[in-house]
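Asks: I have a structure here, written as structure tokens, and I will follow up with some questions on it.
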Amino acid sequence: MSQTSHRSQPHDTEKAHYIDLDHSSFPKLAEKWVTGWKDTCNSGTVASAILASVAGAIFIHVEEKLGGSSPAADPNSTKAITLIVFTYLAVLSNCTAAVLSFFISDKLIA
């Protein structure tokens with residue numbers, strides 16, 4: 001019996017392995033984490049908006065180069081259609097990324 005009661009109490013060497021955490025630093029850590037994510041989302045919004053405008057300019061340039069004619073009249077129609085589809089998808093995905101990044105940062109603030 002005396003051995004079991006002796007084992008339930010930690011030895012002095014076992015106490016050295018425990019880390020005493022200061023719980024007052026946790027709110028500061030969480031605040032820094034949220035601030036970091038807000039900064040990341042804000043920079044993502046700006047980058048996506050810039051890329052969306054560049055993709056829009058490329059889309060307009062491709063449309064001008066095709067001369068307003070239908071891509072089916074062009075002998076290289078598959079290349080023209082592929083280029084139009086990819087530029088359209090670039091505009092759409094960058095606009096979506098900018099809006100979603102804005103919403104995520106708005107949820108982090110609230």
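Only the coordinates and a few stated rules stand behind these numbers; no lab work does. Note that this is a predicted model, so its numbers are computed, not measured.
Asks: May I ask you to list the lysines whose Cα is less than 20 Å away from that of LYS79, ignoring any residue fewer than eight positions away on the same chain?
Replies: Within reach: LYS65.
Asks: So which lysines can LYS107 reach, going by Cα to Cα under 27 Å and dropping same-chain residues fewer than 8 places off?
Replies: Partners found: LYS28, LYS32, LYS38.
Asks: Each residue of segment 91-105 in turn: what ³J(HN,Hα) in whole Hz from Karplus with 6.51, -1.76, 1.60 and θ = phi - 60°, glycine and Pro shown as x?
Replies: Computed from phi, the couplings for segment 91-105 are 4, 5, 5, 5, 5, 5, 5, 5, 5, 5, 5, 5, 5, 5, 5 Hz.
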